[in-house]
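Pasting a structure here, questions to come.
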Amino acid sequence: MNNFKFIHMHLSALIQRGCRLVLPLVLVSLVTLSTSCSDDDDINNEPMLKGKISSYNEFGGAMLDFTEADMAKAGFTLGDVISITIDDKEIVMPYYDGYYTRNGEYLCVAYPTYPSICFTSNNIGLPKELTGLEGHAVIIKLKEKGGSLDVQQAMSMKYTNIRSDYPISDDEFANARAVSAGHIAKGVLHRSSSPFCNDINRAYYVSEILEREKVKTVLNLADTEEKMLTYDMPPYSRKLWEEGDVILCPLKADPTADDYNKRLIEALKELPLRPAPYVVHCMEGKDRTGYVCALLEGLCGATYDEIVADYLITYDNYYQINPVNSRDLCNTLVSLRLNTCLMYYAGVDNEEQLPNVDYAKAFSNYLLSHGMSQQQLDALVQALTSPNQ
């Protein structure tokens, strides 16, 4: 486990120094094949848990038939490095309570809103060979006690859905705000948590804000039509839905995936055909919304610093974490989550290049090379940068 020790020692040192951009891969998924799920040198007292895959969630993750409490009873704690063996294939990964790895890296997650433990590849779901295995046996073993604890401690953040827990405005509680980076016109583009699904107790606040701001078109990154039909919507949200003012564009949280970008580009082609003001949302208004807003901001001439500043407001709204009181953690969040998206759209392979990118040019090139015509691109920019009548 020397590789894991080196990575996490290096991360800790970077966090202490407040490194702004150059952050190594926080975790490297070490995938090895094993011909047996029990080795001769296993230690009988080491934590081990046996179960099975019970189902797959909508994001392509395997839901296991045991909980965080079962993991704890077996001797596992958040921040451990573990292995999961399925059909003689052993995969080494960290065990967290959130998605604290880069896109495509394996992890085992006890996510607070999940009914059981999930095993997945961050943001993109499991590869084809690990899908369709409902009922297959799973064995979890300890590889390194606390081997990823520094990342768990740095990244573990929780919020509540109780309004009185937050000494902030209703807009901040709803994670709702106007987007003003670059040349985006005042009041034309907004972002928020969901105005339709009230699972996190923010939809009614969002709906009232959208009505106040006279929002006319919604870009919904979370819901299918089937989901929308199940919601008990706030009045203004229901009005938008029933009058056909919602563009449905359900996405997973991987901005580098082909399906993600095909869906998104088709939705962005439609957006300027609808009246402003616009709002972009997912469930929390955090990752999917953050990535799409970053793309639109950069397309309209925003700088790297402007894009980062808008992205981090969400973490202040939910967790009271901001660059003033938690600079190092904010740097880590940006490096792990936002920068991967920006690097992909900008076509660069080094975080150090990001502050110097001409985002309007780079993002235009990306959209043009992935199916958007120049006329459609010009219409999108025009819609976002023209003052709302």
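Please work out if residue 384 is of a type in the set (A, V, I, L, M) and modelled with pLDDT of 95 or more.
Judged against the criteria, residue 384 is a match.
What pairs come up if the first residue lies in the range 178-198 and is farther than 20 Å from residue 385 by Cα, the second is outside any loop (DSSP other than H, G, I, E, B) and among the basic types (Lys, Arg), and their beta carbons are under 9 Å apart, counting only those six or more places apart or on different chains?
If the second residue must be outside any loop (DSSP other than H, G, I, E, B) and among the basic types (Lys, Arg), the pairs left are 196/227; 196/238; 197/227.
Restricted to the range 151-175, and to residues that are open to solvent by less than 10 Å² (accessible area, probe 1.4 Å) and among the hydrophobic types (A, V, I, L, M, F, W, C), which residue is nearest to residue 378 (Cα to Cα)?
Step by step, filter the range 151-175, then rank; the result is 174.
Go through the range 112-128 and give me each residue that's in contact with a strand residue (DSSP E or B) (Cβ under 8 Å, 6 or more places away or on another chain) and open to solvent by 60 Å² or more (accessible area, probe 1.4 Å).
115
Taking residue 180, is it open to solvent by 30 Å² or more (accessible area, probe 1.4 Å) and not in a helix (DSSP H, G or I)?
For residue 180, the condition - open to solvent by 30 Å² or more (accessible area, probe 1.4 Å) and not in a helix (DSSP H, G or I) - is met.
Need pairs with beta-carbon distance below 6 Å; first residue over 27 Å from residue 129 (Cβ atoms) and within the range 70-95, second at pLDDT below 95 and hydrophobic (A, V, I, L, M, F, W, C); sequence gap 6+ or separate chains.
That search, which allows pairs on different chains as well, returns 79/149.
Kindly provide the set of residues from the range 310-346 that are of a type in the set (Gly, Ala, Ser) and either open to solvent by 30 Å² or more (accessible area, probe 1.4 Å) or modelled with pLDDT under 95 (or both), ordered by number.
Hits for the range 310-346 are 326, 335.
Check every one of the strands (runs of 3 or more DSSP E) wholly within the range 20-81 and list those with 2 or more residues that are at pLDDT 50 or above.
48-56, 62-64
Now, a different point. Only helices (runs of 4 or more DSSP H) wholly contained in the range 335-389 count here; list those with 1 or more residues that are in contact with a Lys or Arg (Cβ under 8 Å, 6 or more places away or on another chain) and over 23 Å from residue 185 (Cβ atoms).
Those helices (runs of 4 or more DSSP H) span 339-346.
Exactly one condition in (1) part of a loop (DSSP other than H, G, I, E, B); (2) free of Cβ contacts under 8 Å to residues at least 24 places away in the same chain is not met by residue 238; state its number.
The number of the failed condition is (1).
May I pose another question? Restricting attention to the range 315-331, does a residue exist that is hydroxyl-bearing (Ser, Thr, Tyr), part of a helix (DSSP H, G or I), in contact (Cβ under 8 Å) with a residue 24 or more places away in the chain and within 25 Å of residue 364 (Cβ to Cβ)?
No: the range 315-331 contains no residue that is hydroxyl-bearing (Ser, Thr, Tyr), part of a helix (DSSP H, G or I), in contact (Cβ under 8 Å) with a residue 24 or more places away in the chain and within 25 Å of residue 364 (Cβ to Cβ).
Would you be able to say whether some residue in the range 54-62 is farther than 28 Å from residue 332 by Cβ, acidic (Asp, Glu) and open to solvent by 50 Å² or more (accessible area, probe 1.4 Å)?
Within the range 54-62, not a single residue is farther than 28 Å from residue 332 by Cβ, acidic (Asp, Glu) and open to solvent by 50 Å² or more (accessible area, probe 1.4 Å).
Tell me which residues, restricted to the range 283-307, are within 15 Å of the chain's Cα centre (by Cα), of a type outside the set (Lys, Arg) and in a helix (DSSP H, G or I).
Scanning the range 283-307 gives 287, 289, 290, 291, 292, 293, 294, 295.
If you take the residues of the range 262-286 that are of a type outside the set (Lys, Arg) and either free of Cβ contacts under 8 Å to residues at least 60 places away in the same chain or open to solvent by 40 Å² or more (accessible area, probe 1.4 Å) (or both), which of them is nearest to residue 339 (Cα to Cα)?
Filtering the range 262-286 for residues that are of a type outside the set (Lys, Arg) and either free of Cβ contacts under 8 Å to residues at least 60 places away in the same chain or open to solvent by 40 Å² or more (accessible area, probe 1.4 Å) (or both), the one nearest to residue 339 (Cα to Cα) comes out as 264.
Right, next: Regarding the range 156-166, can at least one residue be identified that is closer than 30 Å to residue 274 by Cβ, in contact (Cβ under 8 Å) with a residue 60 or more places away in the chain and under 22 Å from the mean Cα position of the chain (by Cα)?
Scanning the range 156-166 turns up no residue that is closer than 30 Å to residue 274 by Cβ, in contact (Cβ under 8 Å) with a residue 60 or more places away in the chain and under 22 Å from the mean Cα position of the chain (by Cα).
Only one of (1) crowded, with 20+ Cβ neighbours inside 10 Å; (2) modelled with pLDDT under 95 fails for residue 258. Which number is that?
(1)
Being in a loop (DSSP other than H, G, I, E, B), at pLDDT 95 or above and hydroxyl-bearing (Ser, Thr, Tyr), is that true of even one residue in the range 199-220?
Taking every residue of the range 199-220 in turn, none turns out to be in a loop (DSSP other than H, G, I, E, B), at pLDDT 95 or above and hydroxyl-bearing (Ser, Thr, Tyr).
Hey, does the range 351-368 have a residue that's at pLDDT below 95 and either among the hydrophobic types (A, V, I, L, M, F, W, C) or open to solvent by 20 Å² or more (accessible area, probe 1.4 Å) (or both)?
no
The values are calculated or read from the model by the stated rules, or taken from the named source; none is laboratory data. Computed from a predicted structure; not experimentally measured. All Cβ positions, glycine included, derive from the backbone under ideal geometry; neighbour counts span all protein chains shown. The accessibility values were calculated without ligands, DNA or RNA, using every heavy atom of the protein model including side chains. Shrake-Rupley method; radii C 1.70, N 1.55, O 1.52, S 1.80 Å.
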